Amino acid sequence: MIPFSPPPIDEEIIAEISDTIRSGWWTTGPKTKLFEKQITAYIGCDTTLCLNSATAGMELVLRWFGVKKGDEVILPAYTYSATANVVMHCGAIPVMVDVGDDFNISLKAIKKAITPKTKVIIAVDIAGYPCDYNEIVALIESEKSRFVPDNEVQKKLGRILFLSDAAHAFGAKYGNKMVGTTADFNVFSFHAVKNLPTAEGGAVCINLSKVFDVNEIYKSLNRASLHGQSKDALEKSKGVSWRYDILEPGYKCNMTDIHSSIGIVLLKKYDQFLAERKSIFDEYLCAFKNEKWAILPPVKDDLKETSYHIFMLRIAGISENQRDQIIDYIFSNGVSVNVHFQPLPLLSAYKNEGYLISDYPNAYKNYACEITLPVFVGLTKEQMIKVIDVVKKSVAHILSA
Ligand SMILES: Cc1ncc(COP(=O)(O)O)c(C=O)c1O
């Protein structure tokens, strides 16, 4: 069976984790601080905070901005549940909008959805393909006069906050910039199946130095990730005073040094990983480009380049049921594939809130015919040939039935 996305296991990772274990510093400490600095240098953002997940990062950002009951946060209907759940945790309303043919949030739909209650726009770089950053920034700027601040932070920013759910997009490029420098906050995921896996993990890249002291934002988010404690474990170990205070009822979502150890090793190899993922994409693109039924995913244009995270193939003209049959056939022929994503209005938690899939025709259209193919470091040429072969055979089998 060809797996879908196994992690890139190597001896250097095992050695680095062993080193951390032997050091005695297992929780957030010197390696996490080093990993944060290395991410900041790689991405070119103002500063970076590492956490136990992207989900936690997005929620801390919303809490920092004071998002609360009655506020509206615009996000795409086509995403993973994390994007909407963090909004609901704050008591705010996820205003779901439709997406374009590239799977990403539609600018036109955002425009229509903005109201004086809009506090944040969360865009998602689906599959690692960047959303329309420049256009969203310009739209937020043009909507400044309608923004109604509710607290000091919102007053100081004076506009809608731009949060990018860049969970898939580590290493993606936008113009001459890295995704990670392209919104007020870009949040990456280091979950086990992501491009840069640390088992579980995430990073918040902060880009607000024009308006705020970003070190203060870092400190505030870091404190919120550790129960609101005035000193973290590393600080306490250095200082003469053991005494600490709890400044707010915070959360518990810090990244450990054991997880950072994996990230430190993988980040050193990351450009090589990206090149390998790109060559897998190239192989698939070339293999499917002449198939009449194939809708190929967006990868690169003059402005954007994907992080080559997941290969989202669409089969033109098929029903959701036929797609599922094709997937079954692919599996029975020894290849693991997946679907990204079920649009949120198809899922109970959101359906129960009144969201209707019929309001998101593009999201449904993209989803119903989508199959995600295996892409991972170490996928061999023979395996790629098998994937291509099995997919073509499976599509032909179901379409001829
Ligand atoms: C689009 C998107 N956003 C957010 C997340 C959440 O990431 P994490 O598991 O690191 O919280 C995921 C995870 O799969 C995702 O796909």
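Values for this structure:
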| read-out | value |
| --- | --- |
| Qualifying residue in the stretch 147-160 (condition: touching a residue at least 24 places away in the same chain (Cβ under 8 Å), crowded, with 21+ Cβ neighbours inside 10 Å and not small (Gly, Ala, Ser)) | yes |
| Every residue from the stretch 253-284 that is in contact with a strand residue (DSSP E or B) (Cβ under 7 Å, 6 or more places away or on another chain), under 28 Å from Glu16 (Cα atoms) and not hydroxyl-bearing (Ser, Thr, Tyr) | Cys253, Asn254, Met255 |
| Filtered residue count, the stretch 244-264, keeping only those that are within 15 Å of Phe35 (Cβ to Cβ) and either in a loop (DSSP other than H, G, I, E, B) or open to solvent by less than 50 Å² (accessible area, probe 1.4 Å) (or both) | 10 |
| Qualifying positions in the stretch 45-70 - open to solvent by 10 Å² or more (accessible area, probe 1.4 Å), of a type in the set (S, T, N, Q) and within 16 Å of the ligand (Cβ to nearest atom) | Asn52, Ser53, Thr55 |
| Residue count, the stretch 114-130 (criterion: free of Cβ contacts under 8 Å to residues at least 60 places away in the same chain, out of contact with any strand residue (DSSP E or B) (no Cβ under 8 Å at 6 or more places or on another chain) and crowded, with 24+ Cβ neighbours inside 10 Å) | 0 |
| 3 or more residues more than 16 Å from the ligand (Cβ to nearest atom) and within 23 Å of the chain's Cα centre (by Cα): qualifying helices (runs of 4 or more DSSP H) within the stretch 71-155 | 107-113, 133-142 |
| First in the stretch 334-362 and touching a residue at least 60 places away in the same chain (Cβ under 8 Å) and open to solvent by less than 50 Å² (accessible area, probe 1.4 Å), second anywhere and basic (Lys, Arg) and in a helix (DSSP H, G or I), Cβ under 7 Å, 6 or more apart | Val335/Lys386; Pro345/Lys351 |
| Residues of the stretch 79-113 that turn out to be open to solvent by less than 10 Å² (accessible area, probe 1.4 Å) and of a type in the set (Phe, Trp, Tyr), as a count | 1 |
| For Ser241: the one exception among (1) open to solvent by less than 20 Å² (accessible area, probe 1.4 Å); (2) not in a helix (DSSP H, G or I) | (1) |
| Boolean, Glu305 is under 26 Å from Ile74 (Cα atoms), at pLDDT 95 or above and not small (Gly, Ala, Ser) | yes |
| Matching residues, the stretch 201-214, being touching a residue at least 24 places away in the same chain (Cβ under 8 Å) and either open to solvent by 10 Å² or more (accessible area, probe 1.4 Å) or more than 10 Å from the ligand (Cβ to nearest atom) (or both) | Val204, Cys205, Ile206, Asn207, Leu208, Ser209, Val211, Phe212, Val214 |
| Residue tally, condition surrounded by fewer than 17 Cβ atoms within 10 Å (Cβ to Cβ), closer than 19 Å to Glu59 by Cβ and in contact (Cβ under 8 Å) with a residue 60 or more places away in the chain, over the stretch 215-234 | 0 |
| Of all residues making up the stretch 275-329, the number that are on the phi > 0 side of the Ramachandran plot and either open to solvent by less than 50 Å² (accessible area, probe 1.4 Å) or of a type in the set (Val, Ile, Thr) (or both) | 1 |
| Close pairs (8 angstrom Cβ cut-off, 6 or more residues apart or separate chains): of a type in the set (Phe, Trp, Tyr) in the stretch 28-47, part of a helix (DSSP H, G or I) anywhere | Phe35/Ser260; Phe35/Gly263; Phe35/Ile264; Phe35/Leu267; Tyr42/Leu267; Tyr42/Tyr270 |
| Conditions (1) outside any strand (DSSP E or B); (2) open to solvent by less than 30 Å² (accessible area, probe 1.4 Å); (3) within 30 Å of Gln38 (Cα to Cα); number of the one not met by Val187 | (1) |
| Selected residue (only one of Thr198, Thr181 is open to solvent by less than 40 Å² (accessible area, probe 1.4 Å), in a loop (DSSP other than H, G, I, E, B) and more than 16 Å from the ligand (Cβ to nearest atom)) | Thr181 |
| Among (1) farther than 30 Å from Tyr329 by Cα; (2) surrounded by 15 or more Cβ atoms within 10 Å (Cβ to Cβ); (3) touching a Ser or Thr at 6+ places or on another chain (Cβ under 9 Å), the one test that Lys37 misses | (2) |
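Residue-by-condition table, conditions (1) more than 23 Å from Phe281 (Cα to Cα); (2) among the small types (Gly, Ala, Ser); (3) modelled with pLDDT under 95:
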{"residue": "Leu346", "(1), (2), (3)": "yes, no, no"}
{"residue": "Tyr350", "(1), (2), (3)": "yes, no, no"}
{"residue": "Phe376", "(1), (2), (3)": "no, no, no"}
{"residue": "Ser394", "(1), (2), (3)": "no, yes, no"}
{"residue": "His397", "(1), (2), (3)": "yes, no, no"}
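The values are calculated or read from the model by the stated rules, or taken from the named source; none is laboratory data. Note that this is a predicted model, so its numbers are computed, not measured. Here the Cβ is made from the backbone with ideal geometry for all residues, glycine too, and neighbour counts use every protein chain on show. In case anyone asks, the SASA skips ligands and DNA or RNA and just uses the protein heavy atoms, side chains included. Shrake-Rupley method; radii C 1.70, N 1.55, O 1.52, S 1.80 Å.
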